[in-house]
1. Taking the residues in the range 239-251 that are buried (at least 24 other Cβ atoms within 10 Å of the Cβ) and of a type in the set (A, V, I, L, M) as candidates, determine which candidate is modelled with the highest pLDDT.
2. Hey, does the range 229-238 have a residue that's surrounded by fewer than 24 Cβ atoms within 10 Å (Cβ to Cβ) and aliphatic (A, V, I, L, M)?
3. Can we say Gly283 is within 26 Å of the chain's Cα centre (by Cα) and free of Cβ contacts under 8 Å to residues at least 60 places away in the same chain?
4. Would you check if there is a residue in the range 411-422 being closer than 30 Å to Ala195 by Cβ, part of a strand (DSSP E or B) and touching a residue at least 40 places away in the same chain (Cβ under 8 Å)?
5. If you go through the range 336-353 one residue at a time, do you hit one that is modelled with pLDDT of 95 or more, within 39 Å of the chain's Cα centre (by Cα) and closer than 30 Å to Thr301 by Cβ?
6. Filter the helices (runs of 4 or more DSSP H) completely within the range 728-817 down to those with at least 1 residues that are of a type in the set (D, E, K, R) and surrounded by 16 or more Cβ atoms within 10 Å (Cβ to Cβ).
7. Kindly indicate the residue of the range 691-717 that is among the aliphatic types (A, V, I, L, M) and at pLDDT below 95 and also nearest to Thr791 (Cα to Cα) among those meeting that condition.
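The values are calculated or read from the model by the stated rules, or taken from the named source; none is laboratory data. Since the structure is predicted, the reported quantities are computational estimates derived from the model, not experimental observations. Note that we place each Cβ from the backbone using ideal geometry, even for glycine, and neighbour counts take in every protein chain shown.
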Amino acid sequence: MLDSSGVTRPAWTDLVSGYAARGDERLRGAAARLATAVSDEGVIYNEFDGDQTVARDWQVDPVPLVVDGVEWTELEKAVTQRSMLLDQLLRDIYRDQKTIRRGLLPPEMVFGHPGYIRKAARLEVAGPHALFLHALDLGRTSDGRFEVYADRTQAPSGIGFAMVDRRLLSRTFPQLFQTVAPRPIATFAGTVRLALFDYAPPGVDDPTVAVLSPGSMSETAFDQAYLASVLGFPLVEGDDLTVRDGAVYMRSLGKYKRVDVLLRRIDAGYADPLDLRTDSRLGVAGLVEAISRGTVTVVNTLGSGVLENPALHTVLDELAPVLLDEDLALPSVPTLWAGDDLQRTKIRADLGELVLSNFATDEEVIAPMLDSARRADLLARIEAHPWQWVARTLQPVSIAPTMTPGRTTAHRPGVLRAAQVGVRAFSVAQGPTYAVMPGGLGMVLADGLAGAAQRTVSAKDVWVTSADVGGHVSRKSGTRSAATDEMAAPRTGRSPRTAAYFDVAAAASPRVLADLFWFGRYGERTESTTRLAKVARERYQEVQYRPWMSGSAAVPLVLHAVARVTGTALYLGTADLAAEPDDTPAAPERVNEAIAKITDLTIARSVTGTIAHSADRLVATARAVRDQMSTSTWMVLAPVERAIEQLGEQVRGARGAAEPTSVAGDTTLDLGSDLGHAHDEVLHGVLALAGLQADSMVHDAGWLFMDIGRRIERTITLADLTAALFVVAQDREVEQALLESFLVANESSVIYRRRNRGLYRFGAVGGLLFFDETNPRAMIYQLTRMHDDLTALPDELRSASSERIVEEMIAELRRSDPEDLAAVDATGRRAQLGELMTALGAGARDLSDVLTRTRFASPRQAQPIWGGGGDGV
């Protein structure tokens, strides 16, 4: 931000003035809004913690990284040249290998790197470049020069993150954004899109393009889904694709649709379990064969990961004049390769100042952080296999303002400080050259040695100013502002080959349909479980303050019924509360015990059937089909997650951080009000989600399966709750209380009071909740909606067996008489009611099973008949 004399550089002037005018308090408020927006948008990064994948909120620094436009223009030229150089090198490695034969490129750097794939040799690429997408991790030296720390060529990530960072930061500081007017980056997505069409196989004028993802549990799943959504291409996984007659097809709405171009986001080695890694479950069996036949283009091409070898940084200066007839304009960070005797000597001498990488094992070691014994061991390993080791110097990296906290207590959130920064720049093949994103993914680096080793702690939006003198743009010219351009569609021309630009088929594979189906089920399960827990809590609190109220003995029965319906009775241990219904439930210790059990029902994430577990599965299924979801989905899901997490933190705080989450048996915690607030927040979120699904999603096949899932879940819950509460008859006062709770849990108490006067009668309640076709909570309503959804599906997805199951359930219900269902036999049971509810619950579960077997089943991936791994050669 400052030059050597401490004066603000011209490009930063507007930003500095804007920050000064806002002051610390407003900046802290903006930082808090940005963090909330990240959570509300569901922007996450998956981290691997042992055997589990943990979704972390994406960290975005509220302070953008400003780069002068004139300086960036020169950088763009250098990035383009480096992309051209790596493109030529990639072609040579997999074709003539002139650089190897002439001694310019040591063979160990190629054949010893795991990114080299023998099967990719001489595979044709339908396009002018072998390297389609290139990302570079850049840093500045103390004298202001850019250097490349890493080339990302395998399956470069970060474009989606960069675009969402820009969108969120422009909303956080809208006036400041318009004042600085950075160059828009949204047009880069249009460039990528058109470039993908240009890579269609010969003779394909209307190509189908898809983004091949390893799945929603991969580290950059959000980045993949967001980019696919912006590009307008379906996000597919290996199970969504199949190879037939030498071509790749995507299963969509029960049919097979030819795929012509795949933007690959899985590592190349996992792309084909037949020809590459035989243990892969991420790829498509036969994909290499399809590529070799020229029926599909995969970008980045298989084998491009070999260019990520950091050892290549030691030879690029010599290769540039040979392959491009130019000197390298954008140098790499000073690098040493231990395979060279002289360079290995330098490594031994300067070990305490180096970061070392083993490119064969993907291991990285920061040597200054090792003690003498470990340094000696490291040197021994280098001597044993010198060609695997690469070292680079730990040199100071340029700094810039940030509000991301540092490692010291002095670096508090919301306070400006200096931090080491870097940038990931992106280029994409465009005609005979490359187009560079005007900005990129900024990075706040860690403090100290870790930052010098390029360890990242937060993202930054990169604002590239106008290329006019001084980095300023005239805002009197009447031209569109950068802020306007960010929201505009990419202004790119159309060629005859890009007709599919406006006509790209949406993926409706069995995986996508299954995820939408379970999205509907888990959404309804979260809502229904929350309603049940809320009713049980309210009943206990009522009798706590009014112990004389009639029917108080029904309260523990309600809680036990809730636990039975959710499948958590054994975990919660509610049978002991319901065993003695005549005992007063209003005793303080009994109320606190019950509230503790309801709290466990709310926050226990690892227990199937709890609110937390259902909400987690709801969010997971939404992330699996993120490209199908409205961005508003995350706005309503984020408060649900926060409410459950905050309640869990309150429980852990009350019991101590080392205590388990469960609060059952602890009668000392007063969680009633906090628990009620959590239930209200969850209900607000899931009800908003239901409204969003109804009014903001296209009612296509995926939506129909989602609605079927909701209706199945509501049918099962209603059947199980009815059986748990009313098959065994209770005395009059207890049954009155049970009926009232039953109506409240099913959102039907108001309409019942309007239609009926006096006491609650089971016959009237049953008529409303089983047979009233105008009541959206009634059993018949769920069954008729299921039938309508099933028959509205496209012919190729309709299922005669599924429709028959629902028709039989409807017939079974309509044959029943409300008075017969209410009748109590000599044993004190409503036998016909129990039989009907069992039949309806079983029917709904059978329907789910049939759909899973027939409509959501993934094709069986062909597997090699030999064993082993690696390249399969």
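1. The selected residue is Val248.
2. Within the range 229-238, one or more residues are surrounded by fewer than 24 Cβ atoms within 10 Å (Cβ to Cβ) and aliphatic (A, V, I, L, M).
3. Yes.
4. Taking every residue of the range 411-422 in turn, at least one turns out to be closer than 30 Å to Ala195 by Cβ, part of a strand (DSSP E or B) and touching a residue at least 40 places away in the same chain (Cβ under 8 Å).
5. Yes: the range 336-353 contains one or more residues that are modelled with pLDDT of 95 or more, within 39 Å of the chain's Cα centre (by Cα) and closer than 30 Å to Thr301 by Cβ.
6. Those helices (runs of 4 or more DSSP H) span 732-745, 779-792, 800-815.
7. Going through the qualifying residues, I end up with Ala701.
Here's the yes/no breakdown for (1) in contact with a Phe, Trp or Tyr (Cβ under 9 Å, 6 or more places away or on another chain); (2) surrounded by 15 or more Cβ atoms within 10 Å (Cβ to Cβ):
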site	(1), (2)
Ile366	no, yes
Ser372	no, no
Trp387	yes, yes
Met403	no, yes
Gln420	no, yes
Ser427	yes, yes
Pro432	no, no
Gly440	yes, yes
